[in-house]
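Student: Pasting a structure here, questions to come.
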Amino acid sequence: MPIDPTLPYDENNIFAKILRGEIPSHKVYEDEWSYAFEDINPQAPVHTLVIPKGPYVSWDDFSAKASAEEIAGFVRAVGHVARRMGLVEPGYRLLANIGRHGGQEVPHLHVHILAGQFIGPMVMAR
């Protein structure tokens, strides 16, 4: 069920538990600002999630409250993961869902890196 991004951060969301080591994950990358891991329900041959280590509900929350260092570190981590995985050529898609209408299901900012096949055109709103 999509979430309301205006709600306060939930310390018990699944990604918070992954960051605390309470739930296992297949780590792809980690640094001071970010953690990347394989999605357990992949929607493409390559489906990696990159999350900031700070308690941010969505991209809106992150862009409004994170420090410049956190923002730069997170954005660099996303690029680093894509390069490290060899995805720059032939390409990949970045996806961040925000709020109910955007289909966000976990109330912790996350970016999906989707690759490994032709992903197709952008989704058309109905």
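Student: State to the nearest 20 debye the size of the charge dipole of the chain about its Cα centre, where the only charges are +1 on K and R beta carbons and -1 on D and E beta carbons. Provide the component values of the computation, followed by the final result.
Tutor: Details: 11 positive and 15 negative charges, 66 e Å.
Here the size comes out at about 320 debye.
Student: Still on this structure: Quickly estimate the mean residue ellipticity at 222 nm for the chain, helices only: each DSSP H run with n ≥ 4 gives -39500 (n - 2.57), and the total goes over all residues, rounded to 500.
Tutor: Working: 4 runs with 34 residues, N = 126.
Helix-only estimate at 222 nm: -7500 deg cm²/dmol.
Student: Shifting gears a bit: Quick one, what does Rg over Rh come out to for region 28-84 if you take C-alpha atoms and the Kirkwood Rh? Provide the component values of the computation, followed by the final result.
Tutor: Values: Rg = 11.7 Å, Rh = 11.8 Å.
Using Cα coordinates only, the ratio equals 0.98.
Student: Now a separate question. Under the definition of Cα pairs under 8 Å and six or more residues apart, what whole-number percent is the relative contact order of region 14-115?
Tutor: Numbers: 152 pairs, mean separation 32.9, N = 102.
Here the relative contact order equals 32 percent.
Student: Taking loop as defined by DSSP and a crowding limit of 15 other beta carbons within 10 Å, which trypsin sites (Lys or Arg not before Pro) in region 6-85 fit?
Tutor: Values: sites: K17, R20, K27, K53, K65, R76, R83, R84; in loops: R20, K53.
Those satisfying the criteria are R20.
Student: Any chance you could check the Cα centroid distance between region 1-70 and region 79-126 for me, in angstrom?
Tutor: 13 Å
Student: ³J(HN,Hα) across region 44-50 via Karplus (A = 6.51, B = -1.76, C = 1.60, θ = phi - 60°), whole Hz, x for Gly/Pro?
Tutor: Once rounded to whole Hz, the list reads 7, x, 10, 9, 10, 9, 10.
Values in this text are rule-based calculations from the coordinates and carry no lab data. In this text the structure is predicted, and so the values were computed from the model without any measurement. Positions of Cβ are backbone-derived with ideal geometry, glycine not excepted, and every protein chain shown enters the neighbour counts.
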